[in-house]
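Worksheet: the structure to be examined is printed underneath.
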Amino acid sequence: ISSYNSLFRGNPEITNALVHQITLAYYNINLFNFTNIFGGVNYSLKERDITNVVVFDNTGLGRINTPINTDGINQILAGFGRIEKRFGKLKADVGANVALSDINNQVNGEANESQSVTQNYSAGLSTNFKKAPNFDFNYNLIYNDYQGAGVSNSFVTHSPSIEVEAAF
């Protein structure tokens, strides 16, 4: 029993998944002009991936999860980049993350292929004073598009934040 409305049932016929992964990363830390640059790309491909079959029932239990090997190929392509720069007592940074995924699973015995695109953009400004309060101003913007199992959703999340650090 996983929770009050979820049951987990094992599967003795599970086999190992085959995973291929490639990562390329770039880092440049320059102490002379106080600039940091980070970036990278990651690609993951899984054959015979282990996922759960979800079966919803009407008995009041809710759902039964059983692990299986998928017939399809699950792929994820992700990239990120970030630049930070110091200007005296101020530090500015901008960054971006983008992920594309193509996932196969089963819902109620039906094959389901879902795709999602997630984009995350951030910007920030922070101070570094010794005798005055320090501030971190950040803004994060997330776009998420999902399609699968006859459902299509798009979400946008705005998250500004301010942090104050002061000695008392």
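The values are calculated or read from the model by the stated rules, or taken from the named source; none is laboratory data. Not measured: the values here are computed from a predicted model. Counting neighbours? That spans all protein chains shown, and the Cβs are built from the backbone with ideal geometry, glycine included. Quick note on the areas: whole protein, heavy atoms, side chains included, nothing else; ligands and nucleic acids left out. Shrake-Rupley method; radii C 1.70, N 1.55, O 1.52, S 1.80 Å.
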Report task. Within the range 1-36, work out how many residues are touching a residue at least 40 places away in the same chain (Cβ under 8 Å), of a type in the set (S, T, N, Q) and within 23 Å of residue 74 (Cα to Cα). Result -> 2
Query raised in the report: Hey, does the range 35-42 have a residue that's of a type in the set (Val, Ile, Thr), closer than 29 Å to residue 147 by Cβ, out of contact with any His (no Cβ under 7 Å at 6 or more places or on another chain) and open to solvent by less than 40 Å² (accessible area, probe 1.4 Å)?
Result: no
Query raised in the report: Can you name the strands (runs of 3 or more DSSP E) wholly within the range 1-73 that have at least 2 residues being of a type in the set (D, E, K, R) and at pLDDT 90 or above?
Result: 35-47
**Report entry** residue 162 vs. criteria open to solvent by 50 Å² or more (accessible area, probe 1.4 Å), at pLDDT 95 or above, more than 30 Å from residue 55 (Cα to Cα) and not acidic (Asp, Glu)
**Finding:** yes
**Report entry** Residues satisfying the stated conditions in the range 54-95, i.e. among the small types (Gly, Ala, Ser), surrounded by fewer than 16 Cβ atoms within 10 Å (Cβ to Cβ) and either touching a Lys or Arg at 6+ places or on another chain (Cβ under 9 Å) or under 27 Å from residue 129 (Cα atoms) (or both)
**Finding:** 88, 92
Query raised in the report: Can you name every residue in the range 96-125 that is open to solvent by 70 Å² or more (accessible area, probe 1.4 Å), more than 16 Å from the chain's Cα centre (by Cα) and under 22 Å from residue 18 (Cβ atoms)?
Result: 111, 113
